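Peer 1: Below is a structure I'd like to ask you about.
The values are calculated or read from the model by the stated rules, or taken from the named source; none is laboratory data. This one's a predicted model, so the numbers in the text were calculated from it and none came from an experiment. Here the Cβ positions follow ideal geometry from the backbone for every residue, glycine too, while neighbour counts run over all protein chains shown.
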Amino acid sequence: MSSLEARKSGRTYIAQGEHAIDGGPDAVIATLLGSCVAACIWDPGRGIGGMNHVLFVDATASSSMTYGYGVNAMELLINGLLRLGAERRALRAKVFGGARMIDGLSDGGSRNAEFVQHFLAREGISEVGSDIGGTKARRVEFWPGTGRARLKYVRQTVPVVSSSLHRKTSRDIELF
């Protein structure tokens, strides 16, 4: 995991398994989520916050491994905020993602969201907003200095090809 802690205001994009911490009125942290989950956590009084992109292993892996990845992602974000002066009792959270991206496969997205929500409750961090579940990916932007969040659903426009021997091109993506 990487961390961009207390950097100058601006825009930060995080990918799977990463987190970022920032503050101030102009700082924005963004990510794209499918079945993964982002916890946006901030301290309103200190004007700092952060986002993680919680990456879980697939359903075939042991549950202890899955749990370990989630705990690590949440602890890195929370401990990073506390190191920068956030007060645990003041922390607030918003949770996004956890979509069921492929019909007919296990619903790992809902398990991911459930894990993050239970973790926050166990840690005594108030969840004040969320947009989880469904079947669409989300682009999430978070203003860590204020707790403001904005999301946009991403339309899935790439057709699924029924035969792996058949090639079909859609826009700039070739499926084979």
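Peer 1: For segment 135-146, does any single residue satisfy the condition of being surrounded by fewer than 18 Cβ atoms within 10 Å (Cβ to Cβ) and farther than 20 Å from Tyr13 by Cα?
Peer 2: There is at least one residue in segment 135-146 that is surrounded by fewer than 18 Cβ atoms within 10 Å (Cβ to Cβ) and farther than 20 Å from Tyr13 by Cα.
Peer 1: Got at least one residue in segment 107-122 being at pLDDT below 90, of a type in the set (Asp, Glu) and not in a strand (DSSP E or B)?
Peer 2: Checked against the condition, which is being at pLDDT below 90, of a type in the set (Asp, Glu) and not in a strand (DSSP E or B), segment 107-122 yields at least one hit.
Peer 1: Hey, Gln117 hits all of (1) within 22 Å of Ser35 (Cα to Cα); (2) touching a residue at least 40 places away in the same chain (Cβ under 8 Å) but one; which does it fall short on?
Peer 2: Condition (2) is where Gln117 drops out.
Peer 1: Continuing with the same structure: All but one of (1) surrounded by fewer than 23 Cβ atoms within 10 Å (Cβ to Cβ); (2) of a type in the set (A, V, I, L, M, F, W, C); (3) modelled with pLDDT under 95 hold for Cys36, so report the exception by its number.
Peer 2: Checking Cys36 against (1) surrounded by fewer than 23 Cβ atoms within 10 Å (Cβ to Cβ); (2) of a type in the set (A, V, I, L, M, F, W, C); (3) modelled with pLDDT under 95, the one that fails is (1).
Peer 1: While we're looking at this one, here's another question. It is to be established whether one or more residues within segment 49-64 are modelled with pLDDT of 90 or more and out of contact with any strand residue (DSSP E or B) (no Cβ under 8 Å at 6 or more places or on another chain). Spell out the reasoning first.
Peer 2: Our first condition is that a residue be modelled with pLDDT of 90 or more; within segment 49-64, this holds for 49-54.
In the following step, the residues that additionally are out of contact with any strand residue (DSSP E or B) (no Cβ under 8 Å at 6 or more places or on another chain) were identified as none.
Within segment 49-64, not a single residue is modelled with pLDDT of 90 or more and out of contact with any strand residue (DSSP E or B) (no Cβ under 8 Å at 6 or more places or on another chain).
Peer 1: Of these, Ile132, Ile125, Ile78, which one is of a type in the set (A, V, I, L, M, F, W, C), touching a residue at least 40 places away in the same chain (Cβ under 8 Å), farther than 25 Å from Arg155 by Cβ and surrounded by fewer than 21 Cβ atoms within 10 Å (Cβ to Cβ)?
Peer 2: Going through Ile132, Ile125, Ile78 in turn, just one is of a type in the set (A, V, I, L, M, F, W, C), touching a residue at least 40 places away in the same chain (Cβ under 8 Å), farther than 25 Å from Arg155 by Cβ and surrounded by fewer than 21 Cβ atoms within 10 Å (Cβ to Cβ): Ile125.
Peer 1: Exactly one of these conditions fails for Ala99: (1) in contact with a Gly (Cβ under 6 Å, 6 or more places away or on another chain); (2) under 18 Å from Ile29 (Cβ atoms); (3) small (Gly, Ala, Ser). Give me its number.
Peer 2: Every condition holds for Ala99 apart from (2).
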